[in-house]
Amino acid sequence: MPTSPMIARATSGYLGADEILQSSHPAIAALAQELRGQHANDPDFARAAFEWVRDEVAHSFDVQDSRVTLTATEVLDQRVGLCYAKSHLLVALLRNQGIPAGLCYQRLGGPAEGYVVHGLVALHLDGDWHRQDPRGNKPGVDAQFSLGVERLAWPVDETRGELDYQVIYESPAAEVVDALRMADDILRCALPAELPVSSSRCQT
């Protein structure tokens, strides 16, 4: 878990749609309803949605796919994306079925190789927020759905300057959106190295 409590608005703020988190789009709704039909209760549905995005959408770097995806529907249609894009799809699926969900971020790396912002999802169940990492597994990475002890791809190492941003964003961070919108080859995209530490307050 983060060393400090997560900072969030009222859960109602994490249920809406926007131009990227397209939770009301018919294609998003169709997949969400298909998964809900197989998993009636919220924790089982949330796990199924997480595993679908983790396993059925390839991570761009893992498969060396240069296509740029940003919105939830782009990710669903093209079945590829970075951690940020995959998180946008998972949030949209969860919100479609009434589970509050938002975006959160880590700064990973170190002084020698530099830092990069990594995207996660936080969902609200059983009275608390739980972070999940749908980026996709590979040798050395084993992220799992968990409502207890976190099973993220990478826990931060504060001795290297890594950190967990505490805010749960209602909409994607502007730095992430700008980086993806300016890219024409995701494998050569300049990803954000950090977010403003005004990430100590809620974003809209």
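The values are calculated or read from the model by the stated rules, or taken from the named source; none is laboratory data. Note that this is a predicted model, so its numbers are computed, not measured. Please note: Cβ atoms are built from the backbone with ideal geometry, for glycine as well, and neighbour counts cover all protein chains shown. Note: areas computed on protein heavy atoms with side chains; ligands, DNA, RNA excluded. Shrake-Rupley method; radii C 1.70, N 1.55, O 1.52, S 1.80 Å.
For this structure, a couple of remarks:
- From the list G140, G161, the lone residue that is at positive phi, touching a residue at least 12 places away in the same chain (Cβ under 8 Å) and surrounded by fewer than 16 Cβ atoms within 10 Å (Cβ to Cβ) is G161.
- Any hit, segment 122-132, residues being in contact with a Gly (Cβ under 9 Å, 6 or more places away or on another chain), closer than 18 Å to L21 by Cβ, open to solvent by less than 20 Å² (accessible area, probe 1.4 Å) and in contact (Cβ under 8 Å) with a residue 60 or more places away in the chain: yes
- The helices (runs of 4 or more DSSP H) located wholly in segment 1-108 that include 2 or more residues which are open to solvent by 50 Å² or more (accessible area, probe 1.4 Å) and within 29 Å of R160 (Cα to Cα) occupy 60-63.
- Any hit, segment 190-198, residues being open to solvent by 10 Å² or more (accessible area, probe 1.4 Å) and outside any loop (DSSP other than H, G, I, E, B): yes
- Per-region count, segment 1-46, residues of a type in the set (F, W, Y) and touching a strand residue (DSSP E or B) at 6+ places or on another chain (Cβ under 9 Å): 1
- Within the set R135, R188, the sole residue that is in contact with a helix residue (DSSP H, G or I) (Cβ under 7 Å, 6 or more places away or on another chain), in contact (Cβ under 8 Å) with a residue 60 or more places away in the chain and of a type outside the set (S, T, N, Q) turns out to be R135.
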